[in-house]
Amino acid sequence: MEYLRPRTWSDAVALKTEDPSVVPINGGTDLMVEINFARRRPPALLDLSRLDEMKGWEKRNGSVELGAGVTYTRIIEELSTELPALAIASRTVGSPQIRNRGTVGGNLATASPAGDAHPPLLAAGASVRAESMRGARDIPIGEFFTGPKQNALEPDELIRSVVIPAARGPRQFSKVGTRNAMVIAVVSFALSLDLEERRVGTGIGSAGPTPIEAVEAQAYLEQELEAGGNWDHRRRPAPEVGERFAEMAASAASPIDDVRGAASYRTHALRIMAGRTLGWAWDEVVERGGEGRRQCW
Amino acid sequence: MLVELTVNGRRRTAENVWAGESLLYVLRERLGLRGSKNACEQGECGSCSVYMDGGLVCACLVSAGQAHGAEVVTVEGLAEGGRLHPIQQAYVVEGAVQCGFCTPGLIIATHQLLSENPDPSDDEIREALAGNLCRCTGYEKIIDAVRLAALEMSVI
């Protein structure tokens, strides 16, 4: 096994293009486990953890471009206003030790259906910026996950950053697990309300072969909030709207029975989580309602 | 490959390091620092917790190459002049040690907590130590030890 230490991002891209079989490592929280247990022996590791180009974030045109190497700890500390659901999800990742190393770029590269960052990224309508010597491209998050632990990256591509629209309304995240720490989600759910564009975003984790967007539930809620005048008046939607939304969100999933939970439990929990996150989100709308309609969220 | 790093204030060198090796392996097997324990090797148990460049990490999940040039502090680096660190002393006094396997990691995690938050609440203690498993004590004594250490260190 070889160990490659590129000094710059462009060196890293060149090395990956030269030999697509090299495996990038950043926080190592997934990959090192596989190496420690001799489940994987890549021909070479490509150490991205020293590249400053990946460690920053920048807010531009209402979006945050989050470097693929920003750790969960930093997301919690620095981005809870712009990316509230991602920050909540980050706080549920592993333990302090894991959050100090793990990155959203790594989460995306691993592409586990249970990855904690994925539902908030889906709900926010993020896109993944991938780069190779052939050029850079933005992959919409809805097209990124192609199967269990599979993503749309080409063999020569590296993830440079994720572009995530900053919150223009409440964003919430909920996760079920057996403990408050060190838990792979049994099931998770993220919700985003964009009060300006009047859009609803959702993301479901651990309840299908990939993270899923509950597209029909989103459309239903958008329509009901419009018809009910809730966007305008910032009034809470009727309970039956929330219930129907929660049912539709749950039915968007295609969970299986596995060691972490039963399919029927996952569907049940999803319905509860979708209803709760909508309640929490609307609590925020109501709390901030008096601060003026067009205020920056 | 050659890995040069600073461990507990001393420059150390490990030669012929395999590319897939972890920082934990370097510390234990190449540098003879066996304080950091090797248990789950998947970041679940925290027995291998060390500081790397000021941050708390599981040494089993840091690849050796990533530690090149880094500043590492292990449990061996806490005591000064043959005297236990107040956190170590508190674990002894409170009986927070049974088999002792989790203790080095917990001591380092406690050190990290108290250096950022000298007077943590019980919830803050639990959250800060959530990545460190103990299979003997049931945690109550450990939490007592953290409280005592916080008190002792505030007096100093």
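Couple of notes before you dig in:
- Filter pass, B:Arg28 being surrounded by fewer than 17 Cβ atoms within 10 Å (Cβ to Cβ), under 15 Å from the mean Cα position of the chain (by Cα), within 26 Å of A:Pro96 (Cα to Cα) and among the charged types (D, E, K, R): no
One line per residue, one yes/no per condition, for (1) within 19 Å of A:Val104 (Cα to Cα); (2) more than 7 Å from every other protein chain (Cβ to nearest Cβ); (3) assigned to a helix (DSSP H, G or I):
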| site | (1), (2), (3) |
| --- | --- |
| A:Ser10 | no, yes, yes |
| A:Leu15 | no, yes, yes |
| A:Pro24 | yes, yes, no |
| A:Gly27 | yes, yes, no |
| A:Ile35 | no, no, yes |
| A:Ala38 | no, yes, no |
| A:Leu46 | yes, yes, no |
| A:Ser49 | yes, no, no |
| A:Glu53 | yes, yes, yes |
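- For A:Leu225: the one exception among (1) of a type outside the set (Gly, Ala, Ser); (2) out of contact with any strand residue (DSSP E or B) (no Cβ under 8 Å at 6 or more places or on another chain); (3) farther than 19 Å from A:Val187 by Cα: (2)
- Among the residues listed as A:Thr210, A:Thr267, A:Thr277, A:Thr202, the single one being of a type in the set (Ser, Thr, Tyr) and in a strand (DSSP E or B): A:Thr202
- Checked against (1) more than 14 Å from chain A (Cβ to nearest Cβ); (2) surrounded by 17 or more Cβ atoms within 10 Å (Cβ to Cβ), B:Leu84 meets all criteria but (2).
- Of all residues in region A:74-92, exactly one satisfies the criterion of being without any contact (Cβ under 8 Å) to a residue 60 or more places away in the chain, polar (S, T, N, Q) and more than 16 Å from A:Gly62 (Cα to Cα), namely A:Ser90.
- Output for region A:115-136, where each listed residue is surrounded by 24 or more Cβ atoms within 10 Å (Cβ to Cβ), in contact (Cβ under 8 Å) with a residue 60 or more places away in the chain and not in a helix (DSSP H, G or I): A:Gly115, A:Asp116
- For region B:128-153, the candidate set comprises residues that are within 20 Å of A:Val183 (Cβ to Cβ) and either touching a Pro at 6+ places or on another chain (Cβ under 8 Å) or not assigned by TED's automatic domain parsing to the domain that holds B:Leu106 (or both); within that set, the residue that is surrounded by the most Cβ atoms within 10 Å (Cβ to Cβ) is B:Gly131.
- Among the candidates B:Cys45, B:Cys60, the residue that is within 24 Å of B:Ala19 (Cβ to Cβ) and not hydroxyl-bearing (Ser, Thr, Tyr) is uniquely B:Cys60.
- Residue within region B:17-25 that is among the charged types (D, E, K, R), crowded, with 19+ Cβ neighbours inside 10 Å and within 13 Å of chain A (Cβ to nearest Cβ) present: yes
The values are calculated or read from the model by the stated rules, or taken from the named source; none is laboratory data. All figures in this text were calculated on a predicted structure; none of them were measured in a lab. Neighbour counts run over all protein chains shown; Cβ positions are idealised from the backbone, glycine included.
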